[in-house]
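Nothing in this text is a laboratory measurement; each read-out follows from the coordinates by a stated rule. Just so you know, these numbers come straight off a predicted model, no measurement behind them. A quick note on method: Cβ atoms are made from the backbone with ideal geometry, for glycine too, and the neighbour counts reach across all protein chains shown.
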Amino acid sequence: MTSPILSVRDLERRYGDFIGCTDISFDVWPGEVVAIVGESGSGKTTLLNCISGRLDRSSGSIRYNMRDGRFPDLADLSEAERRFLMRTDWGFVHQNPADGLRMRVSAGANVGERLMAIGDRHYGEIRHTATEWLGRVEIAGDRIDDKPVAFSGGMRQRLQIARNLVTRPRLIFMDEPTGGLDVSVQARVLDLLRGLVSDLGLAVVIVTHDLAVARLLSQRMIVMKSGRIVETGLTDRVLDDPHHPYTQLLVASILES
Amino acid sequence: MTLPEYNFAYLDEQTKRMIRRSILKGIAIPGYQVPFASREMPMPYGWGTGGVQVTAAILGPDDVLKVIDQGADDTTNAVSIRAFFAKTANVATTTKTADATVIQTRHRIPEAPLSAGQVIVYQVPIPEPLRFLEPRETETRVIHGLEEYGLIHVKLYEDIAQHGHIATTYAYPVKVEDRYVMDPSPIPKFDNPKMNGSPALQLFGAGREKRIYALPPFTHVVSLDFEDHPFEVQKFKQPCALCNATGVYLDEVVTDDRGSRMYVCSDTDHCETRREEGHRGPGLPISGAQTVKEDAA
């Protein structure tokens, strides 16, 4: 193995006296899927927003392995570099697709936006790439000029995924990507995600409270409680042989079918 | 004059000084939107309160003022603003483009080329070219600051996707000196090429939005486009019905309630000048009316 793509050390985020998350250290390696699980209010989303640069941290370091071989702390990058990273090398899939999509422009433009942002100025090529990506996320090509408001929840979520993947990012952050979807649509989105992640060799940090999602997608798991990491390990090990009492409670509370 | 209570050109000297500072900053950074403390003017927003303030700040006693609205010198907006400055600044006014030193305009650039020493002041309703794509002002400022202009092409992409060509016909976004993307105010895109390398100073004032921006003379202004859908101006099939001019921007005028119409120069001064020079269009009013009757019969 070379080096991790993302390295987090002693991360802390406080909201005044209140702790959002603290004492967080972990690495993400290229091509691996890391799930962050825990109950509501355990600091999962705070952690995700911190490491994806959407929220300022209070202390600690977050280093990212850039394409050019540098391994800088995100705080040392200029805002321009950070934003460039966010729209090329990274993706962020929101729980609510409306947060991640432009609801008033067509699906094709939503997918093409990142291409235009990195300087693509050929309409035909942008459209071709957009059509290709809509196909990969199983959206019919003739819906390319429809606006996301005309799409179902599952389609919106798939469109959001396509929009994020079009620039071939190396690291994707996901915040409850299947949160608002019904079970059959969830299964379809998860299936799609699993395929794309392994095809493209993406590194993914996924936040979820759904252990089934974590089991299906992730290789490694981080369990959080009250803003701290209580247990980490391979997903199968954590779910089948939980060590920490809280993890045991979490695993035990899954309904057996 | 019976209005001694007004300062020259209506605004007080401190206000004019403040506006001039913004104008100078705008000229120093072509295409950058400079905030300024816009004042209430004795006319409603949308009538050109930004343009009027810019004009008031740059007007001197020796200036000759021309005001146009959609190309015309004789519409309400143009007549009112011209009268306003004739009253409050006692400056000479004209309708001749060549004679004017300051031209305040709404929605057009005159057909006659502007020359060095002239100043054209645009009335701007919405100065932010990204406004309808990105509603957050904080975000649009960052976008301008970091030159992240991919978003503006999303708008052009949408046009082509919906209409097969870039259907934006006015307020067509331009890039200034390879740096700032600028809204040229709602002029038809027909006028966009006239902004590039113009020897005249171009000032833009948005009263409600409190922004001033500028293009100094001989500034490089490029209309945005796609490689496979290049920028094009509108083309007209027929010449002006009154003065037979081609290659000018035409207005459609409905002449009766049976669907007949004529196309005439939108720039009234240009049209009149040509008619004085002896150019005659095919549809001068009397013969035009007769043709209509024959068609209907």
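Brief remarks follow.
- Take each residue in A:117-127, count the other chain C-beta atoms within 10 Å of its C-beta, and the mean is 5.
- Bridges between two residues of the protein assembly as shown, per DSSP, are antiparallel at a rate of about 55%.
- Kirkwood hydrodynamic radius of the protein assembly as shown, from inverse mean 1/r over distinct Cα pairs, in Å: 27.4
- Shielding score for A:99-110, defined as the mean number of other chain Cβ atoms within 10 Å: 3
- Theoretical ellipticity at 222 nm over the protein assembly as shown - DSSP helices of four or more residues, -39500 (n - 2.57) apiece, nearest 500: -10000 deg cm²/dmol
- Pair-distance profile P(r), taking every C-alpha pair of the stretch B:27-151, with 10 angstrom steps and integer %: 12, 39, 30, 16, 3
- Mean sequence separation of contacting Cα pairs (under 8 Å, at least six apart), scaled by the length of the stretch B:81-120, corresponds to a relative contact order of 34 percent.
- Within-11-Å neighbourhood charge of residue A:166 [Cβ basis; K, R +1; D, E -1]: +2
- Packing, taken as the mean count of other beta carbons within 10 Å per residue, orders the peptides A:157-163, A:36-42, A:235-241, A:76-82 from highest to lowest as A:157-163, A:36-42, A:235-241, A:76-82.
- Residues with amide H under 5 Å from that of residue A:21, placed H, sequence gap 5 or more: A:13
- Put in line by how crowded their Cβ is, counting other Cβ atoms within 10 Å and starting with the fewest, B:218, B:84, B:8 read B:218, B:8, B:84.
- Shielding of B:140-150 by partner chains, average beta-carbon count, 10 Å: 3
- Working note: Cα atoms of chain A, range along each principal axis, descending, whole Å: 55, 48, 39.
- Net +/- balance of residues flanking residue A:248 in space, Cβ distance below 10 Å, scoring K and R +1, D and E -1: -2
- Relative contact order, percent, the stretch B:47-118 [alpha-carbon distance under 8 Å, six or more residues apart]: 38
- Hydrodynamic radius by Kirkwood, which averages 1/r over all alpha carbon pairs of chain B, in angstrom: 20.4
- Screening chain B for whole DSSP H helices of 30 Å or more along their axis (Cα) with average Kyte-Doolittle hydropathy at least 1.0 returns none.
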